[in-house]
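**Q** Next up is a structure, given as C-alpha cells.
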Amino acid sequence: MDSKMLNVKGMTCAACAQRIEKIVGKLPGVQQASVNLASEKLYVEYDASMVQLSAIQNAVAKIGYEIVQGNKPEAVDTDRARKQKEIRTLWTKFIVSAVFSVPLLYIAMVPMLAMYGFSLPYPPALDPMNYPLVYALLQIALVLPVIGVGYRFYTVGFKALWQRSPNMDSLIAIGTTAAVIFSAYNTWKIAQGQFGAVESLYFETAGVIITLILLGKSLEAVSKGRTSEAIKKLMGLAPKTAIVLQNGAEREIPIDEVEIGDVIVVKPGGKIPVDGTVLEGHTAIDESMLSGESMPVDKKAGDTVYAASLNTTGSIRFRAEKIGSDTALAQIIKLVEDAQGSKAPIAQMADIVSGYFVPVVCVIALLAGIAWYFGTGGDLEFALTIFISVLVIACPCALGLATPTAIMVGTGKGAENGILIKSGEALETAHKINTIVFDKTGTITEGKPAVTDVLTVGSESAETLWRLAASAEKGSEHPLGQAIVAGAEARGLELPEAEHFDSLTGRGIEAVIESRIVLAGNRKLMDERNVSLSEMESDSDRLAREGKTPMYVAIDGRLAGIVAVADVVKASSRAAIERLHEMGLEVAMITGDNRITAAAIAGQVGIDRVLAEVLPQDKSGEVKKLQTEGRVVAMVGDGINDAPALVQADIGIAIGSGTDVAMESADIVLMRSDILDVPMAIDLSKKTIRNIKENLFWAFGYNVIGIPIAAGVLHLFGGPLLNPIFAAAAMSLSSVSVLTNALRLKRFRAAAQKGSRTRYEES
C-alpha cells in the first residue's frame, strides 16, 4: 500500500474538503483519503496496482480543484513563493474591489441617510429622485468590476452547485447573483418609467459582500500561512550545497549530488548537509533544530552528525551515511507533515455537519425567503433581503478550520520543542492520560550503568570473577552486561573469547569460558539452574536497598559471587515526576530489576507504583492490566524490549536516544531524551484540545445563532433586521477568529524555574 501527501489548490471551505474526500475515496484501490483544509493537503493511501496517482489527480481536477507539485523539503522555496503569490493576488483583488465598492456604497447610502437627517456631500447629478436612471447605471458600472474581481466565487460556486455539491462559494454566488438580478430588473423598470423602483436597488449589497469576503479570505490566507510556520522553518533549514573532498581537493556541489560514502568537509559556522559519522576533527554542534536543546553538543571521531545542525567551533570531516529523505531532518519533517495532515477524533462531528451544512443553509434561506414573502403580503424586496442574509452569514469555513488549524499549530509547536507528535489522534488521546508508566533503564536512569561492587564466595578472587563474568558478557547487548565488560577493560583485565554463548532473555546469559560454565544473571536464572543463593542473601538485599542491581555469577553450577551494577538516575527524573503529580497523574515504573532495587530507585524519584521483575515480553501485559482497571495509560521507553508495551499503551512515548524500533512503535517521540518533556507533551495536548473545543464552540455557536438572526427571528418579535452587508462582515470575521484563536498556541512555551524546565505555560 502506497501513501502520498498532495497539495490541493482551490479549496474554499469544509464542503470542498468533503467533496474531494468523497470523490477520491470512491476510486478503486483507494484505502483512505483525508483532506486538511488548513494545510490544503490531501493524504491518500492507495494500491498502486489498482489505481495510478495520475488517476487521483485527474479525479480531483475534474471537480474543479488542482493538485500542485512541491511537497518535498527541497521544494520549500517554490511552495513558499506560490503561497506568497496567492496572498498578494488576494490582497490585490481586495484593493481593486474596495476601490469600486466604497464609492458604490457611498452613492447608495447617502441618499438613504439624508432621509434620516444626515447630510453628507453628494453630487446633484446623481440624485436618485431627479436622475434615477443615471443613479442606477452608475451603480451597475461600479459593481461590474467588483464582480469581475470576484469571478472565482461564481465559476467555482455555480460549478459546485451544478455537480450537486454546493460549497461556500455557492452561497456567495447565489446570494450576490440574486441581489444583482433583482437590481437589474428594477433598473429595467426605471428605464420603463417606473421611477419608484429606484428604492429597490441592491447593487451595493453585492459589491460590498464580495469586498468583505475578499478581505476575509486575505486575512485567512495570512493566518493559514502562520499556522504552518513550524514545518516551513524545518524545511528551510537544510543547506543547498555541500563541500565534498574529491581527489584531495574540496569541491562545492548541490546537496542533491551528495552520495553515500562521500567525505564532506564542514567549516566553523557551516551547516551539516547530510547525516553521517565524523572521521576527523573536534567541534561543538548546535542540534537545536532536532532536539530543541540550545546547548551545543561536542563531536569527535566516531560520533554521529545530523543534517541542518550548525557547526560552531572547529572544522570536521565526516562520511555521508544518510541522504535525501533518509536524513533525521527529512524524517522529522515527514512526521510533522503526517501529523498536521491527520484528523483528530474530536473533528468527526464537525466533518459530519460540514457535509450537510451548505445544502441545509440553501434550504433554510429559501424557506425563510418564501415564508417572509407570504408573511409580508408579497414584499419581494424584504424576502430577498432575508434570503441573501441567510446565505451570506452562514460560514462552513469556521467549522472546517476549527480542528486542523489547532492541530497544525500544536504539532508544529511540539516540533519546535523537540516533541514529535505523530498524529491528531495521539494529540487528542494524550490529554486523557491518567497513568504514566516509565521504563527504568535509559528512561528514568541514564542507561549507562557502572560496576560498583564485586563480592565473592568460595575460592575465586574478585579479579577472576570479574574477568570471567566480563568475558561471558562480551556477547550480550544488555546495558548491565556492557557495564561489566567496560569496567573490566578499563582495569586492563584480559578477556578470553567464549567457547559458547547463549542469551537467556529476561534472565541473563550462559557461556563457556576456558572450559568453565559461567552463568551470569538474576535470581530467576539461578533458581532455574538450582544454584543456591543462601550464602549471599544478606549482601544481595543490602546492595538492592542501595539502588544497585546485583548480578549473580555461578561457575560450574556453584555460586561464585555477585557483581553489583548501579545506574545513575537522570537529573531531571524527579522534577518530571513531580510535575506529573501536580497534573494529577499516577506514575509507575516497570523494570526487570529485583523488587528491592526497583523500590530504591522509585523512592529516589517519587514513583507511585513499582512493577518489578517483569520480563521484556511481559511488559505489554502489565500495561494491559492497568488498562483493564479503567486507566488511560502512556508508556515511556527507549529500547527494543519496550516496543510491544509502547504499542499496547493508549499512548506510546519514545525517548529520542532510543532504538529505531521503539521510535517507530511510539505515538510521540522526545528528541531531547529528557523526560521533562513528558509532562510538556501532555500539557501541550491539553491546551491544543482546549483550543479545538473553543474553536468548535465558536464555529457551531456562530452558525446556530447567526443563521436564525439572518432568517429574521428577532425581527419576528419586533427586533432588528440583519442587513446582508453586516452578515457578510460577520461571516468573514468568523473564519479569521477561529484561525486567530488557534494561533494563540504559538505562545505555548516552557518556563524556566530554579534552573530546570519544570513549568509550562501559555503566555
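The values are calculated or read from the model by the stated rules, or taken from the named source; none is laboratory data. In this text the structure is predicted, and so the values were computed from the model without any measurement. No Cβ is skipped: glycine too gets one built from the backbone with ideal geometry, and neighbour counts run over all protein chains shown.
**Q** Have a look at A483, A490 and point out the one that is hydrophobic (A, V, I, L, M, F, W, C) and in contact with a Lys or Arg (Cβ under 9 Å, 6 or more places away or on another chain).
**A** None of the other options fit; the residue is A483.
**Q** Let me ask you something else. Identify, from the list L90, L137, the residue that is more than 30 Å from C397 (Cα to Cα), assigned to a helix (DSSP H, G or I) and touching a Ser or Thr at 6+ places or on another chain (Cβ under 9 Å).
**A** Selected residue: L137, the only one of L90, L137 that is more than 30 Å from C397 (Cα to Cα), assigned to a helix (DSSP H, G or I) and touching a Ser or Thr at 6+ places or on another chain (Cβ under 9 Å).
**Q** Is there a residue being modelled with pLDDT under 85, under 30 Å from E199 (Cα atoms), touching a Phe, Trp or Tyr at 6+ places or on another chain (Cβ under 7 Å) and part of a helix (DSSP H, G or I) anywhere in the stretch 160-169?
**A** The answer is yes, given that some residue of the stretch 160-169 is modelled with pLDDT under 85, under 30 Å from E199 (Cα atoms), touching a Phe, Trp or Tyr at 6+ places or on another chain (Cβ under 7 Å) and part of a helix (DSSP H, G or I).
**Q** Also: Name the helices (runs of 4 or more DSSP H) wholly inside the stretch 373-466 in which the number of residues that are assigned by TED's automatic domain parsing to the domain that holds S685 and over 25 Å from N741 (Cβ atoms) is 3 or more.
**A** Output list reads 380-393.
**Q** Can you name the strands (runs of 3 or more DSSP E) wholly within the stretch 481-557 that have at least 1 residues being in contact with a Phe, Trp or Tyr (Cβ under 9 Å, 6 or more places away or on another chain) and not hydrophobic (A, V, I, L, M, F, W, C)?
**A** On the way: elements: 500-504, 508-513, 516-521, 549-555.
Once the strands (runs of 3 or more DSSP E) in the stretch 481-557 are filtered for at least 1 residues that are in contact with a Phe, Trp or Tyr (Cβ under 9 Å, 6 or more places away or on another chain) and not hydrophobic (A, V, I, L, M, F, W, C), what remains is 508-513, 516-521.
**Q** For the condition in a helix (DSSP H, G or I), of a type in the set (V, I, T) and either modelled with pLDDT under 80 or within 22 Å of the chain's Cα centre (by Cα) (or both), what is the one hit in I705, I725, I675, I709?
**A** Testing whether each residue is in a helix (DSSP H, G or I), of a type in the set (V, I, T) and either modelled with pLDDT under 80 or within 22 Å of the chain's Cα centre (by Cα) (or both) leaves just I725.
**Q** Just checking: which of the strands (runs of 3 or more DSSP E) contained wholly in the stretch 252-327 hold 3 or more residues that are surrounded by fewer than 18 Cβ atoms within 10 Å (Cβ to Cβ) and either modelled with pLDDT of 90 or more or on the phi < 0 side of the Ramachandran plot (or both)?
**A** 275-280, 316-322
**Q** For D502, only one of the following conditions fails: (1) touching a residue at least 12 places away in the same chain (Cβ under 8 Å); (2) in contact with a strand residue (DSSP E or B) (Cβ under 7 Å, 6 or more places away or on another chain). What is its number?
**A** Among (1) touching a residue at least 12 places away in the same chain (Cβ under 8 Å); (2) in contact with a strand residue (DSSP E or B) (Cβ under 7 Å, 6 or more places away or on another chain), D502 violates only (1).
**Q** Of all residues in the stretch 35-64, which are closer than 24 Å to L399 by Cα and either charged (D, E, K, R) or surrounded by 18 or more Cβ atoms within 10 Å (Cβ to Cβ) (or both)?
**A** Result: V35, N36, L37, A38, S39, E40, K41, L42, Y43, V44, V60, G64.
**Q** Cβ-Cβ distance below 6 Å, separation of 6 or more or different chains: which pairs start in the stretch 473-484 with a residue that is closer than 19 Å to I513 by Cα and in contact (Cβ under 8 Å) with a residue 12 or more places away in the chain and end on one that is assigned to a helix (DSSP H, G or I) and hydrophobic (A, V, I, L, M, F, W, C)?
**A** Filtered contacts from the stretch 473-484: E473/I484; E473/V485; K474/V485; I484/A469; I484/A470.
**Q** Suppose we filter S389, S354 for residues that are at pLDDT below 80, among the polar types (S, T, N, Q) and closer than 23 Å to G701 by Cα; which single one remains?
**A** S354
**Q** Quick one: how many residues across the stretch 518-547 are touching a Gly at 6+ places or on another chain (Cβ under 9 Å), among the polar types (S, T, N, Q) and surrounded by 16 or more Cβ atoms within 10 Å (Cβ to Cβ)?
**A** Within the stretch 518-547, residues that are touching a Gly at 6+ places or on another chain (Cβ under 9 Å), among the polar types (S, T, N, Q) and surrounded by 16 or more Cβ atoms within 10 Å (Cβ to Cβ) number 1.
**Q** Within the stretch 600-617, work out how many residues are in contact (Cβ under 8 Å) with a residue 60 or more places away in the chain and within 33 Å of the chain's Cα centre (by Cα). Spell out how you get there, then give the answer.
**A** Taking the stretch 600-617 as the starting set, the residues that turn out to be in contact (Cβ under 8 Å) with a residue 60 or more places away in the chain are 601, 605, 607, 611, 613, 615-617.
Adding the requirement that they be within 33 Å of the chain's Cα centre (by Cα) leaves 605, 607, 611, 616-617.
Selection size over the stretch 600-617: 5.
**Q** Then there is this: Residues in the stretch 426-441: is at least one touching a residue at least 12 places away in the same chain (Cβ under 8 Å) and more than 24 Å from S620 (Cβ to Cβ)? It would help to see each step written out before you state the result.
**A** Filtering the stretch 426-441 down to residues touching a residue at least 12 places away in the same chain (Cβ under 8 Å) leaves 426-441.
From what's left, more than 24 Å from S620 (Cβ to Cβ): none.
No, the stretch 426-441 contains no residue that is touching a residue at least 12 places away in the same chain (Cβ under 8 Å) and more than 24 Å from S620 (Cβ to Cβ).
**Q** Going residue by residue through the stretch 686-702, is there one that turns out to be in a loop (DSSP other than H, G, I, E, B), more than 30 Å from Q331 (Cα to Cα) and free of Cβ contacts under 8 Å to residues at least 12 places away in the same chain?
**A** no
**Q** Can you name every residue in the stretch 561-592 that is of a type in the set (D, E, K, R) and in a helix (DSSP H, G or I)? Lay out the reasoning, then the answer.
**A** We begin by selecting, within the stretch 561-592, every residue of a type in the set (D, E, K, R); these are 567, 570, 574, 578-579, 582, 586.
Scanning the stretch 561-592 gives R574, E578, R579, E582.
**Q** Considering each residue of the stretch 27-47, count those that are among the charged types (D, E, K, R), within 11 Å of D2 (Cα to Cα) and assigned to a loop (DSSP other than H, G, I, E, B), and give that number.
**A** 1
Results for (1) within 17 Å of I209 (Cα to Cα); (2) surrounded by 15 or more Cβ atoms within 10 Å (Cβ to Cβ), shown as yes or no for each residue.
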residue: Y151; (1), (2): yes, no
residue: K159; (1), (2): no, yes
residue: V180; (1), (2): yes, yes
residue: Y185; (1), (2): no, no
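**Q** Which numbered condition trips up M235, out of (1) at pLDDT 70 or above; (2) in contact with a helix residue (DSSP H, G or I) (Cβ under 6 Å, 6 or more places away or on another chain); (3) not hydroxyl-bearing (S, T, Y)?
**A** (1)
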